[in-house]
1. Restricting to region 186-197, give me the number of residues that are in contact with a helix residue (DSSP H, G or I) (Cβ under 9 Å, 6 or more places away or on another chain), part of a helix (DSSP H, G or I) and surrounded by fewer than 19 Cβ atoms within 10 Å (Cβ to Cβ).
2. Working only within region 91-106, note down all residues that are surrounded by fewer than 17 Cβ atoms within 10 Å (Cβ to Cβ) and either farther than 15 Å from Asp77 by Cβ or at pLDDT below 95 (or both).
3. Tell me, please, whether a residue that is of a type in the set (A, V, I, L, M, F, W, C), out of contact with any strand residue (DSSP E or B) (no Cβ under 6 Å at 6 or more places or on another chain) and open to solvent by less than 40 Å² (accessible area, probe 1.4 Å) can be found in region 34-48.
4. Report yes if His57 is in contact with a strand residue (DSSP E or B) (Cβ under 9 Å, 6 or more places away or on another chain) and touching a residue at least 12 places away in the same chain (Cβ under 8 Å), otherwise no.
5. Please name all residue pairs, on different chains or six or more residues apart, with Cβ atoms under 8 Å, provided the first residue is in region 118-132 and is without any contact (Cβ under 8 Å) to a residue 40 or more places away in the chain and the second residue is crowded, with 24+ Cβ neighbours inside 10 Å and not in a strand (DSSP E or B).
Amino acid sequence: MQQIALDIGLAVPQTLDRFVPGANAGALEHLQRWVGGARPPSVPTYLWGEAGSGKSHLLQAAAEALSQRGLRVGRLDAASVTGQTFDEGWAAVLMDDVHLYTAAQQEQAFNWFVNALTPASGPPRGVLAAGRLPPADLRLREDLRSRLGWGEVYALQPPDESVRRAVLRAQAHARGLVLRDDVIDYVLARFPRDLGSLAALLDQLDDHALRTRRAITIPLIKDMLENA
């Protein structure tokens with residue numbers, strides 16, 4: 001069947017509890033320890049995998065966990081405007097989509113990396129980064145590329161069918177929703193199947209169901225698309 005493309009991204013805050021690990025249990029356990037200490041460890045962590053494997057979810061979830069503890073972080077991704085200097089008040093720096101960084105973003109990322117590990121004051125800060133390629137294959141300046149591969153490196157596997165279904169149910173449960181099997185079948189057959197798009201789709205369905213005061217069914221999904 002032809003899929004319907006939606007121009008949507010991560011629409012809700014993600015948490016580590018909402019991440020369905022599948023084959024990525026090792027990475028999840030590592031990040032649970034990473035955010036659970038007095039401060040994030042000074043050894044950098046790099047996550048890599050194809051689009052939809054959960055990299056952005058895990059980075060956002062790590063930031064959320066640290067924020068809940070009152071810790072501030074610096075964040076950089078491929079859409080960020082460069083020029084922000086390293087803040088000594090940060091407990092960690094998070095860098096997403098490093099494979100897409102411009103030359104200016106690479107310079108900022110390298111400066112943050114150096115300042116995080118050898119700060120002017122206080123203990124070293126944590127570094128958590130993610131990209132689509134393993135460190136050795138990143139087309140980045142060599143000093144940044146080598147640092148990304150220096151610490152803990154985890155290859156994330158894309159979710160299989162059972163994980164996607166578990167993600168949909170878990171995300172729905174977090175919103176107080178119930179999805180029947182036929183609705184899940186319909187969604188997976190017709191919409192983008194990456195984890196970010198599935199989460200954002202549930203936000204849209206939840207909003208439409210509330211406004212129309214109807215349960216989430218296949219007719220409701222069709223109605224939402226017709227009135228988009």
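The values are calculated or read from the model by the stated rules, or taken from the named source; none is laboratory data. For clarity, every value in this text was computed on a predicted model and none was experimentally measured. Cβ: placed from backbone, ideal geometry, glycine included. Neighbour counts: every protein chain shown. Just the protein is used for accessible areas: all its heavy atoms, side chains included, with ligands, DNA and RNA removed. Shrake-Rupley method; radii C 1.70, N 1.55, O 1.52, S 1.80 Å.
1. 3
2. Just the residues of region 91-106 that are surrounded by fewer than 17 Cβ atoms within 10 Å (Cβ to Cβ), to begin with: 99-100, 102-104.
If the condition is that a residue be surrounded by fewer than 17 Cβ atoms within 10 Å (Cβ to Cβ) and either farther than 15 Å from Asp77 by Cβ or at pLDDT below 95 (or both), then Ala103 is the only one that fits.
3. yes
4. Numbers: in contact with a strand residue (DSSP E or B) (Cβ under 9 Å, 6 or more places away or on another chain): no; touching a residue at least 12 places away in the same chain (Cβ under 8 Å): yes.
It is false that His57 is in contact with a strand residue (DSSP E or B) (Cβ under 9 Å, 6 or more places away or on another chain) and touching a residue at least 12 places away in the same chain (Cβ under 8 Å).
5. Matching pairs, first to second residue: Pro119/Arg125.
A quick yes/no check of all residues on (1) in contact (Cβ under 8 Å) with a residue 12 or more places away in the chain; (2) within 17 Å of Lys55 (Cβ to Cβ); (3) loosely packed, with under 14 Cβ neighbours inside 10 Å; (4) not aliphatic (A, V, I, L, M):
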{"site": "Asp137", "(1), (2), (3), (4)": "no, yes, yes, yes"}
{"site": "Gly151", "(1), (2), (3), (4)": "yes, yes, no, yes"}
{"site": "Arg164", "(1), (2), (3), (4)": "yes, yes, no, yes"}
{"site": "Ala172", "(1), (2), (3), (4)": "yes, no, no, no"}
{"site": "Gly176", "(1), (2), (3), (4)": "no, no, yes, yes"}
{"site": "Asp182", "(1), (2), (3), (4)": "yes, no, yes, yes"}
{"site": "Ala199", "(1), (2), (3), (4)": "yes, yes, no, no"}
{"site": "Leu210", "(1), (2), (3), (4)": "no, no, yes, no"}
{"site": "Arg214", "(1), (2), (3), (4)": "no, no, yes, yes"}
